[in-house]
Amino acid sequence: MAPKPAAPPDERTTRERILDIAIELFIEKGYDKTSLREIAERLGFSKAAVYYHFASKDDILLALHLRLHDLLREALAGLGEPDATADMWPLLLDGLIEGLIANRQLFVMHERNRAAFEQLHDKRHHEGDHEDLEGQLRGVLADHTVPLPTRVRMACSLGAVISGVMMAGDAFADVPSAELVAILRGAMNDLLGAAALAR
């Protein structure tokens, strides 16, 4: 099968604009109470123009879910590399914090529409990415050349960052990004502990 041709730049931009507006509306009103007509109106488009890019509101939700997957895969990739040594962990986590906070609206939207995303998971099965990434991270954390206390601190610091942005994203939605980044970095450093990272 021949590869699908790349979308023209203006079409890709329009698609991304639709997704960005959908995030705003799904945060403001919720997925169930937002219509395709409202998305189109906020963009200044006709409903047909939105249908050109997405066949349904479910397709918009799936695209946002895949955007979240891509972001997490990219943000966590460095942590799961076999050469991600303990002394590199603070720098890699710092990059993770920056990447997640830059896209924090995506996590707020996910938290406020959890039921819709759970229904999406029930309809579509794409757990392979999760399993691959989790396997890579488990491999790094199971590296017996790194002292056990250090590996536990590495795991706890990763959990703190992910919880602080993803799981509690809505709870901290009103906290300015720069302030949240500084707090997350402090929590990460507290958990890692400079002395514990010595090999």
Go through GLY99, GLY95 for me and flag whichever is closer than 17 Å to ALA160 by Cα and touching a residue at least 24 places away in the same chain (Cβ under 8 Å). GLY99
Flagged in region 134-158 as touching a residue at least 40 places away in the same chain (Cβ under 8 Å), assigned to a helix (DSSP H, G or I) and among the hydrophobic types (A, V, I, L, M, F, W, C), in numbering order, are LEU137, VAL140, MET154, LEU158
A careful count of residues in region 159-197 that are among the hydrophobic types (A, V, I, L, M, F, W, C) and not in a helix (DSSP H, G or I) gives 6
How many residues are closer than 18 Å to GLU118 by Cα and without any contact (Cβ under 8 Å) to a residue 40 or more places away in the chain if we restrict to region 30-59? 5
All but one of (1) assigned to a helix (DSSP H, G or I); (2) of a type outside the set (D, E, K, R); (3) at pLDDT below 85 hold for HIS126; state the number of the condition that does not hold. (1)
Residue in region 160-169 that is over 16 Å from the mean Cα position of the chain (by Cα) and either closer than 21 Å to GLY80 by Cβ or modelled with pLDDT under 85 (or both) present: no
Given the criteria among the acidic types (Asp, Glu), in contact with a Lys or Arg (Cβ under 9 Å, 6 or more places away or on another chain), under 26 Å from ARG67 (Cα atoms) and surrounded by fewer than 19 Cβ atoms within 10 Å (Cβ to Cβ), does ASP174 qualify? no
Does LEU62 fit the bill of being surrounded by 14 or more Cβ atoms within 10 Å (Cβ to Cβ), at pLDDT 80 or above and not assigned by TED's automatic domain parsing to the domain that holds ARG185? yes
Scan (1) crowded, with 18+ Cβ neighbours inside 10 Å; (2) modelled with pLDDT under 90; (3) of a type in the set (A, V, I, L, M); (4) within 18 Å of the chain's Cα centre (by Cα) for the single condition LEU180 breaks and write down its number. (2)
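The values are calculated or read from the model by the stated rules, or taken from the named source; none is laboratory data. Since the structure is predicted, the reported quantities are computational estimates derived from the model, not experimental observations. Glycine gets a Cβ as well: all are built from the backbone with ideal geometry, and neighbour counts include every protein chain shown.
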